[in-house]
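Okay, structure first, notes after.
Derivation of every value follows stated rules applied to the coordinates shown; laboratory data play no part. None of the values given here were measured: they were computed from a predicted structure. Here the Cβ positions follow ideal geometry from the backbone for every residue, glycine too, while neighbour counts run over all protein chains shown.
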Amino acid sequence: MAVQPPDLATVRPGADPAADPLDAGPRPRGRTGRRARRRTGKGLWIPGTILGLIVLACFVWPLVYRDLPSPTAGSLLQANLPPFSPGHLLGTDPLGNDIVSRLLHGGRVSLEVGLTSNAIGLLLGGSLGMFAAFRGGWLETVTMRLLDMLIAFPSLVLVLVVSTYLTPSKLNVIWAISFFSIPTFARLARAATLRLREQVYVVAARLAGARDSAILLRHIAPNVLPQLLTYSLLWVAAAIAIEASLSFLGFGVPASEPSWGMMISRGQAYISSNPELVLIPSACLFLTIVCLNTLGDALRARTGAP
Amino acid sequence: MSDTLTRSPGRSDRPAVRPPRAAGLLNRSPAVRVAIKRVLQAVPVVWGATFITFCLMNLLPGNAAVALLGDDATPEQVAALSARLNLDEPFLVRYLQWLGNALTGDLGNSLQNNEPVTAILGRALPVSLELVVLAFALALLVAVPTAVVAAKRPGGFADRIGMQISMFGLSVPNFVFALVLVLVFAVGLRVLPAVGYVPIGQGLGPNLRAMILPATAIAFALFCEYTRVLRADIVDQMLREDYITTARAKGVGSWQVLVRHALRNSVFSLLTIVGLQFGALIGSTVIIEQMFGLPGMGQGLLQGINNRDIPVVQAYVVVMACFVVGANLVTDLLYAVLDPRIRHGRPAA
């Protein structure tokens, strides 16, 4: 298909601060205005801090605070406790499981799936795109056409099919999601490599007799990576949303591991009597995704990456 | 002397007699030629889509027959079912058989009740189409005015509100938003039904009442994406393009510059994003149909997956992939219709 994806800058504003005065934030006056603005970038440290807190709560807090109730071994005698009950800060669900510990566990699943699937997509897709652009010729054409076909697929549908056929487990969900992040990263890496390939230092390295692998690893990869990393924040958000959707539909991680999507899906039945069962995990999911998105946008605006 | 001055240079260049053209479909008009070329280019992509689907569903580890029968099936049962599903044949043979049948309109029978898959598809398709069309219409109806108003004064009040809402919308997974809608309109206000589908044959009103919540849930995410893209593009044009400056210098009103000059050209980036988002749109119908109990393609796909009904799942995935490819093709053709440079075969700047 001849449809080119839009320049990423048009998809999400913020990439071009000149065209988008909104994302630049209020402009401090004075001689050191520019530097001051850099240091106090609201778009960076607010979402950054919240994300840091979420990570600490999900990964470190259960290690420090040993008395946290188990997320799955609740007793029916303690079902449906209201928030602020003794021992259960946010109460319990209809099966007597503590909501706080389910939330923390769910956050761990979301972040693990999001980060790992992104790392895989970034590594595989990035190297594929870099290699294709560096070699050029038919290799590039064939690789990019194949990836275009993958992009054309309704990815959620395929993730659904793939993860069920592989029998649901966290690892398979990760593989299925990362598989569909490969084309995006490959495309970005290719675009960046095409620009870098013509740089003087790459030509110089080649003239100096460096091998292709050395040029790719030492000169091109370190310059492509920051762009991919910045973009990957947005993809972590997308991956977390996909994971939550899968769990919501009941095709995600198995029921022994509570996740936010699963909590929302289970709470759906009690939406008229206990709406907080849906609202609390939804709020966590939303907060994480919105922080990742704002942070990603702010970082891209800052670095001028596409 | 005055005669030569008043005559436009373009006219004098044109030969008096047109060169004779060979009759034929390809030479009829540049637009038709472009259209035919694009359609032909889409054929290998559709083929590739079916092949990837088939690969994914057949080469994944695990025997489909075992999955269907459960772990405690006897080897004889597995062998019998494998023979029925043609699992004994080599992969490529199976693919070619399936492709041949599919080309003649036969997508196989459901393993569940032996109903032809095409009949199942035929029932589900109208529901999903209605949902998608409604969502599209809602999203565009709200997104275009919002983007224009936001772009009128970048950084102004309307712009800030619009962009905050769309950032919010891009971060809410659609099922979460749908649940909030249910909570407000079905549980709280009790004005709309939470689940259920009413066929359009039983009256447009009840049908729309059942469809409006799911359509809104899908449309919200689309609206956010469209608004952002359209606004960014209009702002970009207002800052950079010469024809905007010209129009302003001629004294054209500011709204008119926005709508008649900038918006018209921004339609292209809107089209691109509409085409690109189509896959995500289909993905969201799967979730939303399941939530609201609409018997569309998404729900059919989930049921197929739950029943391990391979022919059905395969058909759904292929049809969905074809829809995405088709959406891209239509986008491409619309470019050609809208942009005279493409229509006349000259490369767009």
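Worth pointing out:
- For the range A:49-61, the Karplus equation 6.51 cos²θ - 1.76 cosθ + 1.60, evaluated at θ = phi - 60°, returns couplings of 5, 4, 4, x, 4, 4, 4, 4, 5, 6, 9, 9, 4 Hz by residue, with Gly and Pro reported as x.
- Descending by average beta-carbon neighbour count within 10 Å, the peptides B:255-262, B:281-288 line up as B:281-288, B:255-262, the highest first.
- Those aspartates and glutamates that a straight Cα-Cα span of less than 14 Å connects to A:Lys42, excepting residues fewer than 8 apart in one chain: A:Asp23, A:Asp297
- Ranked by the mean number of other Cβ atoms within 10 Å per residue, highest first, peptides A:237-246, A:84-93 order as A:237-246, A:84-93.
- Geometric extent, Cα atoms of the range B:120-296 - Rg, Dmax (angstrom): 18.6, 60
- Residue order, fewest to most surrounding Cβ atoms within 10 angstrom, among A:Trp138, B:Trp98: A:Trp138, B:Trp98
- Sequence ranges B:163-171, B:294-302, ranked by mean other-Cβ count within 10 angstrom, highest first: B:294-302, B:163-171
- The range A:95-306: relative contact order in percent, alpha carbon pairs under 8 Å with at least 6 residues between: 28
- Residue mean of other protein chain beta carbons inside 10 Å, A:279-287: 3
- Amide H partners (placed H, <5 Å) of A:Ser85, local residues excluded: A:Gly91
- Residue by residue, the range B:123-136 carries 3J(HN,Hα) couplings of 6, 7, 4, x, 4, 5, 4, 4, 4, 5, 5, 4, 4, 4 Hz when phi is fed to the Karplus relation 6.51 cos²θ - 1.76 cosθ + 1.60 (θ = phi - 60°); x denotes Gly or Pro.
- Kirkwood hydrodynamic radius (C-alpha pairs) into Stokes-Einstein, the range B:251-349, 4 °C and 1.567 mPa s, D in µm²/s: 80
- Shielding by partners, peptide B:271-282 (average Cβ within 10 angstrom, other chains): 4
- Cα centroid separation, the range A:191-213 to the range B:139-194: 47 Å.
- For B:Asn109, distant residues with modelled amide H under 5 Å away: B:Val117
- Per-pair calculated FRET efficiency, R0 = 35 Å: B:Leu192 and A:Phe84 via Cβ, rounded to 0.05: 0.55
- Estimated from helical segments only, the mean residue ellipticity of chain B at 222 nm is -23500 deg cm²/dmol, where each DSSP H run of four or more residues counts as -39500 (n - 2.57).
- Across peptide A:158-168, the average count of Cβ atoms from other chains found within 10 Å of a residue's Cβ is 5.
- ³J(HN,Hα), Karplus 6.51/-1.76/1.60, whole Hz, each residue of the range B:75-88, x for Gly, Pro: x, 5, 4, 4, 5, 5, 5, 4, 5, 5, 8, 6, 6, 6
- Taking other Cβ atoms within 10 Å as a rough exposure proxy, B:Thr216, A:Thr49 sort from fewest to most as A:Thr49, B:Thr216.
- Using the Stokes-Einstein relation with a Kirkwood hydrodynamic radius computed over Cα pairs, the translational diffusion coefficient of the range A:95-306 at 20 °C and a viscosity of 1.002 mPa s comes to 115 µm²/s.
- Taking B:Ala232, B:Ala102, B:Ala135 as the candidate residues, the one with maximal mean-square fluctuation in a Gaussian network model of chain B, Cα springs under 10 Å, is B:Ala102.
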